[in-house]
Structure formats: C-alpha cells, structure tokens
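Notes follow once the structure below has been shown.
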Amino acid sequence: MAEQGYIQLTRDCNQNCRFCSNPANSKRIDIDRAVGLINSFIERGYSGIIFTGGEPTLCPFLPELIAHASRKGIPNRIITNGQKICDRSYFETLYEAGLRNVNISIYSVRDDVQAFLSGNPDSLKNIAGALKTLDVFKGDVQTVVNTVINKYNSDHLSENVRWVLDNAPFVPHFVWNNLDPGNSKCKENPDTVPKLNDFQLELYKAVDHVLKSGRTCRIERVPLCYMTDFEHLSTETRKIVKKEKTTTYFLDEKELFSQDSYQYDKADCCSACFLERICAGLFEMDVYYSSDELYACFIDSEKITEKILHGTTVKAPGGIMT
C-alpha cells in the first residue's frame, strides 16, 4: 500500500482563483511543526511528501523543508501555480535544496480565460516563464501539469495539452481534477461548475492526445461512465484497487486528515453497473452535479483492474510514483 503525505505550508496565495479549494485564511505552518510532520510521515513508511497550500512557494522556509526531506531520503514535490518559479534564481534555491518534482497548475492556455479564472492578468505569462525555467532542469526535475476542469475550460482541454507539448515537450504526465464545488469559493462562483457532458468529449480528446504522444495521465473526480476506454486512469479507481491511503495536514479545522475510502455518491442506475465496485461515483451528487447524467456501464471490471495492477507507471527522478 502506497501512502502519500500532503502538507499545507501556507494558505497565502499570489492568485485569487474563482474555485480555490483551500482559500486564504491567514494561517501558516511553523517550521517545527512542518519538520515534525515530515519525520512522522517517514516513520510511518510513507512513500512521498507533497508540499502544497495556498501557494507553497510563499512559505519562506520551503527550501529548508525540501532539504530536510531530501536528506531523510523521502521523495518530495511541490504543487505550485508557477507564478514565483518563473524566477530562475528562486527556483535554483529549491533545486539546490533537493527539489526534483514539480506539479504546475494550468487552467487554460487562452490568456483571457486563465486571467479570469486565476484573478491574475499575468498568470499565463508567468506560467510560460516557469516552464522555461523548468526546461533548464528537465534532466533532473520531473514536471507534471495539473488542470482543474471547470465550465470555462471544458471546451478546450485538448488545446491545453497541445500548447503544453509545443511549449514544454519535456512534460511526461498530466493530471485533470474535476472541480470540487463544495468549498466557499465555488459557492461564491457557481458559474465555474461544469456539467459532466460539458467536458466529456474534450477530456477524451485530451487523454487520447497525451497517450498517443507516449505520455501518461490521471483523472480525478470523474465517474467511470464518463471515462470510456480510459477507466484505468481514474485516480480514485487506482486507489481503490491498490488500497492506497492519503494523509493531508490542513491549515483549517480538519488539521491532520487521513483518507482510505474513495467512494462518493451513487445513483440508482449505478447498482446495475459492472464497474460499481471500483468506481468512486459522483462528487457532490444532486448538489452541484446531477445524478441524471450518470448511467450504467457493462464492461469487464477485471480488465480494468489488470491494467491498474500490471500496467506501466511513471516514476520521477526523485522516486515519487504518479
């Protein structure tokens, strides 16, 4: 069983995303608490540590935490919006500390859409700069592109992929996260929540493009009936099959939260679905997403399980499995 530990370092951010799942609350972790969490995850046999936020690059002692984790021999990565690592000299401090894995968030390669969703008119320009920085370190640093699926990018997910591969061909892996609408920012901006049908075709085209290029990808919070032909790429399904566990330290009332169950809500039709056992179902069903969009699938779940257990995975230079 592989276990990943996430540590929120700060809830400060240099963007103001319309659907942020961890919006600013002025809380920041102190260095002793962060080091203690790293040591605890190592003692419990975790396979990797992910530094997140808010925006983790706004944590003044991020290099020290990376260096500590690296000295202890545990793979670590940051999930960043890329706004600060476009500064090559700053990124060099992280690299010298031992950082070898970066997830960079890109919502849209259309400048106006990225600016609107991030609340930052320079967001895409800075992301392009961050990718140029990462290109310099591509032999040692694995770069993963994360995209939150939402109403405003649901019609051009494949365009995003093509742009990344044209501008950063060193990127080997993509992750799409369907929007988590159960947070305060989404409640303020319900216009950002897509319907499943809004993105089904574009997601298929985006995944197809990634796989045909010889790269890999994962998809989160999308029920398997909307992932025909690539059900084995569902993050939740993979965790269900592989019995994985995730622990996150939140800078809010949840604090240290462990998750080993990845089943959301199911519709009546799901009881007849051959994939019900390995499908997470629908997140926020009949609150923001409609159960009417779900349907039963009649394909062999064992073939999907076999792909997950015996298919290929991506291993970063630092050792984190994606």
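If the Cβ limit is 6 Å and pairs must be 6+ apart or interchain, which residue in segment 127-145 that is surrounded by fewer than 22 Cβ atoms within 10 Å (Cβ to Cβ) and among the basic types (Lys, Arg) pairs with which residue that is at pLDDT 95 or above and not in a strand (DSSP E or B)? As it stands, the answer is Lys138/Phe170, since those pairs meet every condition given.
How many residues does segment 90-112 hold that are assigned to a helix (DSSP H, G or I) and buried (at least 17 other Cβ atoms within 10 Å of the Cβ)?
Residues meeting the conditions: 4.
Scanning segment 7-26 for residues that are touching a Phe, Trp or Tyr at 6+ places or on another chain (Cβ under 7 Å) and either of a type in the set (Asp, Glu) or in a strand (DSSP E or B) (or both) turns up Ile7, Gln8. The residue list Phe61, Phe116 contains one member that is crowded, with 17+ Cβ neighbours inside 10 Å, aromatic (Phe, Trp, Tyr), within 22 Å of Cys13 (Cβ to Cβ) and modelled with pLDDT of 95 or more, which is Phe116. A search for C-beta distances below 7 Å between a residue of segment 226-254 that is closer than 24 Å to Asn39 by Cβ and any residue that is among the β-branched types (Val, Ile, Thr), counting only pairs 6+ apart in sequence or on different chains, returns Tyr249/Ile7; Leu251/Ile29.
Would you mind stating whether Ile78 is of a type in the set (A, V, I, L, M), out of contact with any Asp or Glu (no Cβ under 6 Å at 6 or more places or on another chain) and within 22 Å of Asn120 (Cα to Cα)? Judged against the criteria, Ile78 is a match.
Applying the criterion of being more than 14 Å from Met227 (Cβ to Cβ), of a type in the set (A, V, I, L, M) and out of contact with any Gly (no Cβ under 9 Å at 6 or more places or on another chain) to the residues of segment 271-295, the residue that is surrounded by the most Cβ atoms within 10 Å (Cβ to Cβ) is Met285. When segment 243-270 is filtered for residues that are among the polar types (S, T, N, Q), part of a strand (DSSP E or B) and surrounded by fewer than 16 Cβ atoms within 10 Å (Cβ to Cβ), the ones remaining, listed by number, are Ser258, Gln259.
When Gly82, Gly139, Gly73 are checked against the criterion of being under 17 Å from Cys13 (Cβ atoms) and assigned to a loop (DSSP other than H, G, I, E, B), a single residue qualifies: Gly82. So, in segment 1-59, exactly how many residues are closer than 27 Å to Asp191 by Cα, within 21 Å of the chain's Cα centre (by Cα) and small (Gly, Ala, Ser)? Within segment 1-59, residues that are closer than 27 Å to Asp191 by Cα, within 21 Å of the chain's Cα centre (by Cα) and small (Gly, Ala, Ser) number 4. Looking at segment 189-208, can you tell me whether even one residue there is without any contact (Cβ under 8 Å) to a residue 40 or more places away in the chain, surrounded by 17 or more Cβ atoms within 10 Å (Cβ to Cβ), touching a Cys at 6+ places or on another chain (Cβ under 9 Å) and not in a strand (DSSP E or B)? Yes, segment 189-208 has at least one match. Considering only residues in segment 210-229 that are buried (at least 19 other Cβ atoms within 10 Å of the Cβ) and not in a strand (DSSP E or B), the one that is farthest from the chain's Cα centre (by Cα) turns out to be Cys225. The condition of being modelled with pLDDT of 95 or more, under 24 Å from Cys17 (Cβ atoms) and in a strand (DSSP E or B) holds for only one of Val175, Val171, that being Val175.
The residues listed here are Ser291, Ser258; of these, the one that is under 25 Å from Ser184 (Cβ atoms), free of Cβ contacts under 8 Å to residues at least 40 places away in the same chain and in contact with a Cys (Cβ under 9 Å, 6 or more places away or on another chain) is Ser291.
The values are calculated or read from the model by the stated rules, or taken from the named source; none is laboratory data. From a predicted model like this one, the values you see are computed outputs, not experimental measurements. Reconstructed Cβ throughout: ideal geometry from the backbone, glycine too, with neighbour counts over all protein chains shown.
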